[in-house]
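A.B. asks: Sending over a structure as structure tokens; questions will come in a sec.
Throughout, read-outs are computed from the coordinates displayed, never taken from laboratory work. These numbers were taken from a predicted model, which means no experiment stands behind them. Positions of Cβ are generated from backbone atoms using ideal geometry, with glycine treated the same way; all protein chains shown enter the neighbour counts.
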Amino acid sequence: MNNLCKKMLLAGIILFPQHVFSNISVTLTTRQLCDLELLLNEGFAPLKGFMKKADYESVVERMRLADGTLWPMPITLDVSEEVVADLQHDPVLSLKSAEGDLIATMAVEEAWQPDKNNEVQKVYGTQDMLHPGTAYILKQTKPFYVGGQVTKVALPQHYDFNELRKTPAELKQHFATQGIKKIVAFQTRNPMHRAHVELTQRAAQQADAHLLVHPVVGLTKPGDVDHFTRVRCYKKLMRHYPTGNATLAVLPLAMRMAGPREALWHAIIRKNYGATHFIVGRDHAGPGKDSNGKPFYGPYDAQTMVAQYAKEIGIEMMPFSEMMYVPADGRYHSADELAPGTKTMSISGTELRDILRDGKEIPAWFTYPEVAEELRVSYPPKNKQGFTIFFTGLSGAGKSTITNALALKLAEVQDRRITILDGDEVRKHISAGLGFSKADRSANIRRMGFVANEITKNGGVALCAFVSPYNADRDYGRALIGNFIEVYVSTPIEACEQRDVKGLYKKAREGKIPEFTGVSDPYEAPLNPELTIDTTKTPVQESLDIIVNYLKQEGYIN
């Protein structure tokens, strides 16, 4: 940190003079871009920009802006130390999309280093890294926050579902034109099924209101169904509401999964979009369970919080418990209406994913045929999905031999396209120019993780053969690629040296090759590989049998 930054931060904050020009730009992350869009279109009213320190601290501690206005979630712009240093000479930021489009300018008034541990503890109620909001703040954000008003240049450009992307003003005008005065909004980040239709219809009837189905299409919880699939499902599902009784629009919100605080935030946002009523269901915006297997929030904590502040917001909260299917009468009922011992049926998100993975039929009582078909198209059974097999081990362990043989065997037993990513070939082409320092080795493996992920998500098979000495880089690939199979070729170094056709170990022992894995640089053995193969004990054909049997066992091939 430069000396000026250090001195000014002794007071806990850096103040900037105001200019009107901007030579400094920031490329926004997906979350930052979502926040900016809702600042610019007034979905985050009354906010006019990213929070300054007084508002930020007040929101963290007491869910109110510094002037006392109710607002439960910090809306902050995190930047690097270098940006803060540049702002001392030019305190205006150009805020750009990943494509380089100028979205807004920001007159930066303050910069400070927040207490992020305190932020996540107060806002999310936990420092557990299994909470996606906590993990994002503590692992992905830059060290400084900057605050100040933003000035719109142009709203972010979208190319998908534009007919559903209504600003608050546009949605209010739509309702006014239709003569609709009472609107009950429904928040969702998941596909909707029969239970959701039943719940939302009940809410609309109870409130004598028009239904606004208002799903999130910004960031949601990692692992959620992508918004393209979800919106296609929503569009097909809308025909099951009485004509003229429901409207579908999408919300470019980056969720934090903050449970009760988030539910309150969602209610304020929907009020800005014209809603008079807001549905809050069981475990609203809950991220699941913590490291000890305990839910982060109680099932009805969100309802309690929204009810507490509903009058102040100016919106009526409509609480609903889980809808359960009762096979005895073939209908859905609210869980709190059922007598103890009533037989019910339900399908969890995990169970639905299992059904799709196994290629089974989704029961008709659970969802509509057109929704089921859309899900099957986007989420084919496992034997139609792509996958990556990542071979790791010392030079000479036998990775390339097994990889090349496996490519031939897989071409025999299944019909996906197969791509081999071999360490030597990759370094000649994709990673030409990288050396063998730890940073360069990591960059090489992470590039290959990106390539393998592209192959996998498009239904192909990526066979990767790399030394890949560091667990962190292999873990990066595992986190990035959904269907990732790590094979540790554990051949001992003594055997690898005996096979040293290229003479690399000999040169490394003589000091002619610095930072050679296994000799002058460490190899971190995988902690939990799916398979381990020692080629001094397991011939190539037997190795292939082990891998193919594993793929059959896991459902990747029949």
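A.B. asks: Take ALA405, project a point 7 Å from its Cα along the Cβ direction, then tell me which residues of the stretch 515-550 have their backbone nitrogen under 14 Å from it.
C.D. replies: 533-549
A.B. asks: In the stretch 89-193, how many lysine pairs have Cα atoms under 27 Å apart, counting only pairs 8 or more places apart or on different chains?
C.D. replies: 16
A.B. asks: Take the alpha-carbon centre of the stretch 43-113, take the same for the stretch 356-432, and report the distance between them in whole Å.
C.D. replies: Cα centroid of the stretch 43-113 versus Cα centroid of the stretch 356-432: 42 Å apart.
A.B. asks: Have a look at the DSSP beta bridges in the stretch 275-428 and tell me what percent are antiparallel, nearest 5.
C.D. replies: DSSP beta bridges in the stretch 275-428 are roughly 60 percent antiparallel.
A.B. asks: Along the principal axes of its C-alpha atoms, what lengths does the stretch 382-553 span, in descending order and rounded to whole Å?
C.D. replies: Projected onto the principal axes, the Cα atoms of the stretch 382-553 cover 49, 33, 28 Å.
A.B. asks: Another question, if that's okay. Of the beta bridges DSSP finds with both residues in the chain, what % are antiparallel, to the nearest 5?
C.D. replies: 40
A.B. asks: Near the amide H of GLU316, under 5 Å away, which other amide H atoms are found, from residues 5 or more places off or on another chain, if H is placed in the peptide plane?
C.D. replies: Under 5 Å from the amide H of GLU316 lie the amide H atoms of HIS277, PHE278, each far enough along the sequence or on another chain.
A.B. asks: On a full-extension model of 0.36 nm per residue, what is the gain between ASP86 and LEU527, subtracting their alpha-carbon distance, rounded to one decimal in nm?
C.D. replies: Residue separation times 0.36 nm, minus the Cα-Cα distance, leaves 154.4 nm.
A.B. asks: Per residue of the stretch 67-73, what does 6.51 cos²θ - 1.76 cosθ + 1.60 with θ = phi - 60° give for ³J(HN,Hα)? Whole Hz please, x for Gly and Pro, Karplus curve as stated.
C.D. replies: For the stretch 67-73, the Karplus curve yields 8, x, 5, 5, 6, x, 10 Hz.
A.B. asks: What FRET efficiency would be calculated for the residue pair ASN245, LYS512, taking the C-beta separation as r and a Förster radius of 56 Å, to the nearest 0.05?
C.D. replies: 0.10
A.B. asks: Residues of the stretch 337-372 with the amide nitrogen closer than 14 Å to a label point 7 Å from the Cα of ALA328, along Cα-to-Cβ, please.
C.D. replies: Those under the cut-off are 337-345.
A.B. asks: Report, by chain and number, residues whose modeled amide H sits under 5 Å from the one on GLY49, excluding near sequence neighbours (fewer than 5 apart, same chain).
C.D. replies: VAL150
A.B. asks: For labels at GLU99 and ASP160 in the simple 7 Å Cα→Cβ model, what's the distance in nm?
C.D. replies: 1.3
A.B. asks: Right, next: To the nearest whole percent, what portion of all C-alpha pairs in the stretch 302-357 is separated by more than 16 angstrom?
C.D. replies: Counting pairs separated by more than 16 Å, the tail of P(r) holds 60 percent.
A.B. asks: Subtract the Cα-Cα distance of LYS457 and ALA169 from 0.36 nm times their separation in residues, and report this length gain in nm to one decimal.
C.D. replies: Between LYS457 and ALA169, full extension yields an extra 99.9 nm.
A.B. asks: Still on this structure: What lysines could a cross-link reach from LYS409, if we take a straight Cα to Cα line under 18 Å and drop same-chain neighbours fewer than 8 places away?
C.D. replies: LYS384, LYS399, LYS552
A.B. asks: Further question: Could you tell me how many degrees, from 0 to 90 and to the nearest 10, lie between the Cα long axis of helix 194-207 and the main elongation axis, the longest principal axis, of the Cα atoms of the chain?
C.D. replies: 20
A.B. asks: Would you kindly give the portion of the calculated P(r) for the stretch 3-152 that falls above 26 Å, as a percent of all Cα pairs?
C.D. replies: 22
A.B. asks: Mind giving me the FRET efficiency for LYS311 and GLN149? R0 is 30 Å, r the Cβ-Cβ distance, nearest 0.05 is fine.
C.D. replies: After rounding, the FRET efficiency stands at 0.50.
A.B. asks: Counting only C-alpha contacts under 8 Å and six or more residues apart, can you give the relative contact order of the chain as a whole percent?
C.D. replies: Taking the mean separation of contacting Cα pairs over the length of the chain, I get 11 percent.
A.B. asks: I'd like the orientation of helix 301-313 relative to the chain: the angle between its Cα long axis and the longest Cα principal axis, in ° from 0 to 90, rounded to 10.
C.D. replies: Value to nearest ten degrees: 40.
A.B. asks: Which order do peptides 463-472, 217-226 fall in by mean Cβ count within 10 Å, highest first?
C.D. replies: My ranking of the peptides, most packed first, is 463-472, 217-226.
A.B. asks: Determine how many Å³ per residue the convex hull of the Cα atoms of the stretch 305-427 encloses.
C.D. replies: About 274 Å³ per residue, rounded to a whole number.
A.B. asks: Okay, moving on. Can you give the extra length, in nm with one decimal, that the chain gains between GLU61 and ARG446 once fully stretched, where that is 0.36 nm per residue apart less the Cα-Cα distance?
C.D. replies: The GLU61-ARG446 span can extend by a further 134.7 nm.
A.B. asks: If you don't mind, there's one more thing I want to ask. Restricting attention to the stretch 352-418, which GluC sites (Glu not before Pro) occupy a DSSP loop and are surrounded by at most 16 other Cβ atoms within 10 Å?
C.D. replies: Passing both the DSSP loop test and the Cβ count: GLU361.
A.B. asks: Would you mind getting me the FRET efficiency between LYS182 and LYS552? Use the beta-carbon distance for r and R0 = 60 Å, nearest 0.05.
C.D. replies: After rounding, the FRET efficiency stands at 0.60.
A.B. asks: When you count, for each residue, the other Cβ atoms within 10 Å and take the mean per peptide, how do 530-538, 50-58 rank with the highest first?
C.D. replies: Packing proxy ranking, top to bottom: 50-58, 530-538.
A.B. asks: In nanometres, what is the gap between the two model label sites at LEU434 and ARG202, each 7 Å from Cα along Cα-to-Cβ?
C.D. replies: Each label point is offset 7 Å from its Cα along the Cβ direction, giving 5.4 nm.
A.B. asks: Quick check: the angle from helix 260-272's long axis to the longest principal axis of the chain, C-alpha only, nearest 10 degrees?
C.D. replies: The answer is roughly 60 degrees.
A.B. asks: While we're looking at this one, here's another question. What area, in nm² and to one decimal, does the C-alpha convex hull of the stretch 162-378 cast on average over all directions?
C.D. replies: With every direction weighted equally, the projected area is 12.8 nm².
A.B. asks: Add -39500 (n - 2.57) for each DSSP H run of 4 or more in the chain, then divide by its residues: what number comes out at 222 nm, to the nearest 500 deg cm²/dmol?
C.D. replies: -11000 deg cm²/dmol
A.B. asks: May I pose another question? Quick check: convex hull over the Cα atoms of the stretch 168-233, volume per residue in Å³, rounded to an integer?
C.D. replies: Expressed per residue, the convex hull around the Cα atoms of the stretch 168-233 is 100 Å³.
A.B. asks: Pairs of Cα atoms under 8 Å, at least six residues apart: use those to get the relative contact order of the stretch 382-553, whole percent.
C.D. replies: The value is 34 percent.
A.B. asks: Still on this structure: When only alpha-carbon atoms are used, what values of Rg and Dmax, in angstrom, describe the stretch 65-131?
C.D. replies: Both quantities, over Cα of the stretch 65-131: 15.2, 40 Å.
A.B. asks: Place the peptides 394-407, 153-166, 282-295, 240-253 in order of packing, highest mean first, counting for every residue the other Cβ atoms within 10 Å and averaging per peptide.
C.D. replies: 394-407, 240-253, 282-295, 153-166
A.B. asks: What is the distance, in nm, between label points placed 7 Å from the Cα along the Cα-to-Cβ direction at GLN498 and at ASN118?
C.D. replies: 6.3
A.B. asks: Could I ask something else about it? Return the Cα extents of the chain along principal axes one, two and three, sorted largest first, each rounded to a whole Å.
C.D. replies: Projected onto its principal axes, the Cα set of the chain covers 81, 72, 41 Å.
A.B. asks: Mind jotting down the three principal axis lengths of the stretch 357-429 based on Cα atoms? Whole angstrom, largest first.
C.D. replies: Dimensions of the stretch 357-429 along the principal axes of its Cα atoms: 56, 25, 19 Å.
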